[in-house]
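Enquirer: One structure follows; several queries about it will come next.
What follows is calculated from the coordinates using simple rules that are stated; it is not laboratory data. A quick note: this is a predicted structure, and the numbers were derived from the prediction, not measured. Note that each Cβ is placed from the backbone with ideal geometry, even for glycine, and that neighbours are counted across all protein chains shown.
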Amino acid sequence: MNKRGLFITVEGGEGVGKSTNIAVVVDWLEEQGIAYCKTREPGGTPLAEQIRQLLLAPRDEAMAPMAELLLVFAARSQHIETVIEPALAAGQWVVCDRFTDATYAYQGAGRQLSLEWIAQLENLVQGNLRPDLTLLLDAPLDVGLSRAGQRGDLDRFEQEQRTFFERVRSAYLERAAAEPGRFELVDTNRPLALIADDIRALLAAARAGQ
Ligand code: Z5A
C-alpha cells in the first residue's frame, strides 16, 4: 500500500507571491521524483472552478457574506472528495494554492463572520483532513497590493478596502503564531532566490519528517 502523501497548502494575502513560489515547490517535487498534484482553491475541479467564477466575478448584486462562506465550502467539499483525498490516498503530495486558512482570513477576519461557524463547517466538510504543512507567504501590505495591482482588472476580493486586507493579513499571522507546528512563515519581501532557498529547505525538512 502507498504511504499517504503530504498535504501542503500555500497561503497569504494578495500579491505575496503564491503562484511564483508554488512553481518553486513544483520544481523541487519534480527534482525529487515525488508524485504530486498541484491544485487551488476555490477551484481544482470543473464544478469547483465554476463556483470560483461565481465567487470572484464582480457583480451588481452584493453577495451575502454567508452565501460567500457556503460557496467556498461547497467548492471545497467537491475538491476534497474528487481530487485531494484520492491523490493523498494514492501517495501523491498535494500542493494547494490556498485552503481553509484563507476562509478564516477572508470570510472570518475580512467579512467578520463567526469563527465558530467556520470551524463547524471545517469539521463537517473536511472531517479530519488538515494540511500537514502550510507555507504562509507574508509581505507588507503595500508590497503585496502593489505587486497584485500591476495585473489590471480587479476581482471581487481585490476591490476591497485596505482595512479588509489589513484584517486578512493579521488573521493569517495570528493563525501562524497559534499553530507553529503546521505553519512556516516565509518573508516574501526579499529577492526570489532567497525565498526559493528557504522553501526548498522547508520541503526537505517536511520530507525528512514524513
Ligand atoms: N478566497 C476566499 O475568500 N476564501 C477562501 O477560502 C479561499 C479563497 C480559498 C482568489 O485567490 C481569491 O479567493 C482570494 C481570496 C479568496 N482573493 N483575492 N483576490 P487567488 O489565490 O487566486 O488570488 P490572489 O490572492 O489574488 O493571488 P495573486 O494576487 O495571484 O497573488 P500571488 O499568487 O500571491 O502572487 P504572484 O502572482 O506570484 O505574484 C504577483 C506579482 O509579484 C507577479 O508579478 C510576480 O512576478 C511578482 N513577485 C512575486 N514575488 C516577488 C518577489 N519576491 N520580488 C519581486 N516581485 C515578485
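Enquirer: Which of the residues belonging to region 172-201 are in a helix (DSSP H, G or I), within 16 Å of the ligand (Cβ to nearest atom) and closer than 19 Å to Val26 by Cα?
Expert: Listed by number, the residues that qualify are Leu192, Ala193, Leu194, Ile195, Ala196, Asp197, Asp198, Ile199, Arg200.
Enquirer: May I pose another question? At negative phi and free of Cβ contacts under 8 Å to residues at least 40 places away in the same chain: which single residue out of Arg151, Arg207, Arg169 fits that description?
Expert: None of the others qualify; the one that does is Arg151.
Enquirer: Looking only at region 119-157, count how many residues are of a type in the set (D, E, K, R), away from the ligand (no atom under 11 Å from the Cβ) and surrounded by fewer than 16 Cβ atoms within 10 Å (Cβ to Cβ).
Expert: 3
Enquirer: Let me ask something else about it. Identify the residue in region 10-56 that is small (Gly, Ala, Ser) and touching a Phe, Trp or Tyr at 6+ places or on another chain (Cβ under 8 Å) and, among all such residues, is surrounded by the fewest Cβ atoms within 10 Å (Cβ to Cβ).
Expert: Filtering first and then ranking leaves Ala35.
Enquirer: Condition check: more than 14 Å from the ligand (Cβ to nearest atom), closer than 22 Å to Glu179 by Cα and either touching a residue at least 12 places away in the same chain (Cβ under 8 Å) or over 17 Å from the mean Cα position of the chain (by Cα) (or both). Does Ile8 satisfy that?
Expert: Taking the combined requirement at face value, the residue satisfies it.
Enquirer: Considering only region 93-118, state which residues are more than 10 Å from the ligand (Cβ to nearest atom) and buried (at least 20 other Cβ atoms within 10 Å of the Cβ).
Expert: Trp93, Val94, Val95, Ala109
Enquirer: So which residues in region 11-55 are in a loop (DSSP other than H, G, I, E, B), among the β-branched types (Val, Ile, Thr) and more than 13 Å from Asp97 (Cα to Cα), if there are any at all?
Expert: Within region 11-55, Ile34, Thr45 qualify.
Enquirer: So Ala67 clears everything in (1) under 18 Å from the mean Cα position of the chain (by Cα); (2) small (Gly, Ala, Ser); (3) closer than 24 Å to Asn123 by Cα except one condition, right? Which one?
Expert: That leaves (1) as the condition not met.
Enquirer: Just one of the numbered conditions (1) polar (S, T, N, Q); (2) out of contact with any Leu (no Cβ under 6 Å at 6 or more places or on another chain); (3) within 12 Å of the ligand (Cβ to nearest atom); (4) more than 18 Å from Leu202 (Cα to Cα) is not true of Gln50; which one?
Expert: (3)
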